[in-house]
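Student: Have a look at this one.
Every read-out reported here was derived from the displayed coordinates using simple, explicitly stated rules and does not represent laboratory data. This is a predicted model, so every value here is computed, not measured. Cβ placement follows ideal geometry from the backbone for every residue including glycine, while neighbour counts extend to all protein chains displayed.
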Amino acid sequence: QVQLVESGGGLVQPGGSLRLSCAASGIIVRLSAMNWYRQAPGKQRELVASVSSGGNTNYADSVKGRFTISRDNAKNTVYLQMNSLKSEDTAVYYCNCNVGRSFWGQGTQVTVSS
């Protein structure tokens with residue numbers, strides 16, 4: 001059974017940083033494409049960052065240069081380092097992988113506000 005558990009969200013001031021974690025079980029993250037999505041109130045869920053099994057990364061234009069996706073193979077965990085946060089980054093962030101079907105974590109709230 002695949003489980004993805006996100007953590008690390010919270011309230012941060014504009015310009016601040018947060019690191020989100022996605023602890024995976026039932027899959028091996030280094031063998032899977034792993035994604036971070038976010039959904040803001042009243043908006044559609046959008047892909048923020050992804051890392052392929054080969055280690056290639058992709059980012060939404062809105063977060064390029066500010067967010068970094070990475071993985072720790074020993075901990076079977078994927079991270080999203082978020083720097084220079086803006087109010088428009090406020091959303092629930094979800095970890096996702098597609099192994100036969102799509103699996104989602106429960107989400108973690110990120111609020112950027114002064």
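Student: Between the stretch 81-114 and the stretch 1-17, what is the separation of their alpha carbon centroids in Å?
Tutor: 7 Å
Student: What order, most packed first, do the peptides 53-60, 85-92 have when packing is the mean number of other Cβ atoms within 10 Å of each residue? Please report the intermediate quantities before stating the final value.
Tutor: Details: 53-60: 11.9, 85-92: 16.9.
Per-residue mean Cβ counts within 10 Å order the peptides as 85-92, 53-60.
Student: Lone cysteines in the chain, going by a 4.7 Å Cβ-Cβ cut-off?
Tutor: CYS97
Student: For the chain, what is the convex hull (Cα atoms) projected area averaged across all directions, in square nanometres?
Tutor: Details: hull surface 26.7 nm².
Value for the chain: 6.7 nm².
Student: What lysines does LYS43 reach when the alpha-carbon gap must be under 28 Å and sequence neighbours fewer than 8 apart in one chain are set aside?
Tutor: The qualifying lysines are LYS64, LYS86.
Student: Net charge around GLY54, counting only other residues with Cβ within less than 15 Å of its Cβ (Lys, Arg = +1; Asp, Glu = -1)? Please list the in-between numbers first.
Tutor: On the way: positive: ARG30, ARG71; negative: none.
Taking every other residue near GLY54 into account, the sum is +2.
Student: Here is a further query. Taking K and R as +1 and D and E as -1, what net charge do the other residues with C-beta under 15 Å from the C-beta of VAL110 add up to? Please report the intermediate quantities before stating the final value.
Tutor: Numbers: positive: ARG19, ARG38, LYS43, ARG45, ARG66, LYS86; negative: GLU6, GLU46, GLU88, ASP89.
Cβ neighbours under 15 Å give a net charge of +2.
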